[in-house]
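Throughout, read-outs are computed from the coordinates displayed, never taken from laboratory work. Everything quoted here is computed from the prediction, not taken from an experiment. Methodologically, a virtual Cβ is constructed for each residue, glycine included, from the backbone with ideal geometry; neighbour enumeration extends over all protein chains shown.
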Amino acid sequence: MYYKILIHGKEVGVFGHEDICNIYLSVGGEPGEMYVFASAVCREGEKKFHYDWLQEEIGIADRVEIVPTDETNAREPRKKFLMGRPKRAPSEGKVCDFCQRKETEAEQLIYVAEHRPSICSDCVALCNEILKKKV
C-alpha cells in the first residue's frame, strides 16, 4: 500500500511499504506550530518495524490530502524502529523476599511492582510441594 501526501495540491512525497499493518496520518500542534505526520507499522519477514516518513510543517489553513497511488517509490523513512519489547537484564538489586537470592542467582524472579514482595521460581516450586503434602 502506497500513498501520496499533498499539501494544497503540491506533492510532499510518497510513503508506504509492500507489507503494511497500520498506516498513520495525523495533524497536530497548535496555531503557528502545526505539523502533518506520516508513519506506519510494516512487516519485514517475522519482524515489525515502525517507519516514520514525514513531519511537515503546515499552516492552519493548509489543505492536506492523502491519495492512494500505484507508485512504489516511497522515500526512505526518517526513522525506523524495531517493534517489540526488549528483554530486560536481571537486576542485582531485586531479591526473592523468601530465600533472599538475587534475581541474577535465581532461574526466574516473579514480581508485580517495585515495592511489592517478590518470589523466585524455586520458592514457588517449594510452596507447591508443601501444598501437595497438605492436601
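Radius of gyration (Cα atoms) of the chain, expressed as a multiple of 2.2 N^0.38 Å: 1.78. Taking 0.36 nm per residue of separation and subtracting the current Cα-Cα distance, fully stretching the chain between ILE66 and ALA113 would add 12.5 nm. Taking Cα centre as origin and charging only the Cβ of basic (Lys, Arg, +1) and acidic (Asp, Glu, -1) residues, the dipole magnitude of the chain rounds to 780 debye. Label point of LYS133 set 7 angstrom out along Cα-Cβ; within the stretch 92-118, amide nitrogens under 20 Å from it belong to 98-100. Taken one residue at a time, the phi angles of the stretch 47-61 give Karplus couplings (6.51, -1.76, 1.60, θ = phi - 60°) of 9, 10, 10, 9, 9, 10, 9, 9, 9, 10, 5, 9, x, 5, 9 Hz. Gly and Pro are set to x.
Under 20 Å between alpha carbons: how many lysine pairs meet that in the stretch 2-82, if sequence neighbours fewer than 8 apart on the same chain are excluded?
For the stretch 2-82, qualifying lysine pairs total 6.
So if we plug the beta-carbon distance of LYS48 and ILE7 into 1/(1 + (r/R0)^6) with R0 = 25 Å, what FRET efficiency do we get, rounded to 0.05? Don't skip to the answer; put the middle values down first.
Numbers: r = 29 Å, r/R0 = 1.16.
The pair LYS48/ILE7 has a calculated efficiency of 0.30.
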